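So the structure is just underneath, and the comments pick up after that.
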Amino acid sequence: MPKMKTKSSCKKRFKVTATGRILAGQAGKRHGMIKRTNKFLRNARGTTTLSKQDEGIIKPMMPYAR
């Protein structure tokens, strides 16, 4: 049986942690920073773990991710 392919878009956007959770970049930081509050920008730094529902969408696209 041939190897399954990982979606290239998922390879670029998501990372799987050692425990199997999925890390993704924070949304809402591309443009329009003037209207965002400082609290929002502070909290949106770095990456965040996806919810269980979102993980269920992403994991099938990354078949060999641990």
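The values are calculated or read from the model by the stated rules, or taken from the named source; none is laboratory data. Nothing here was measured: the structure is a model prediction, and the numbers come from that model. Counting neighbours? That spans all protein chains shown, and the Cβs are built from the backbone with ideal geometry, glycine included.
A few points about this structure:
- Residues that are under 13 Å from the mean Cα position of the chain (by Cα), farther than 12 Å from CYS10 by Cα, of a type outside the set (D, E, K, R) and outside any loop (DSSP other than H, G, I, E, B) within segment 41-66 comprise THR47, THR48, THR49, GLN53, GLY56, listed in sequence order.
- Looking across segment 4-20, the residues that are loosely packed, with under 13 Cβ neighbours inside 10 Å and assigned to a loop (DSSP other than H, G, I, E, B) come down to MET4, LYS5, THR17, ALA18, THR19, GLY20.
- When LYS35, LYS29 are checked against the criterion of being of a type outside the set (Gly, Ala, Ser) and modelled with pLDDT under 95, LYS29 stands alone in meeting it.
- Residues located in segment 21-31, provided they are of a type in the set (D, E, K, R) and loosely packed, with under 10 Cβ neighbours inside 10 Å: ARG30
- Residues in segment 37-54 that are surrounded by 13 or more Cβ atoms within 10 Å (Cβ to Cβ) and without any contact (Cβ under 8 Å) to a residue 24 or more places away in the chain: 3 in all.
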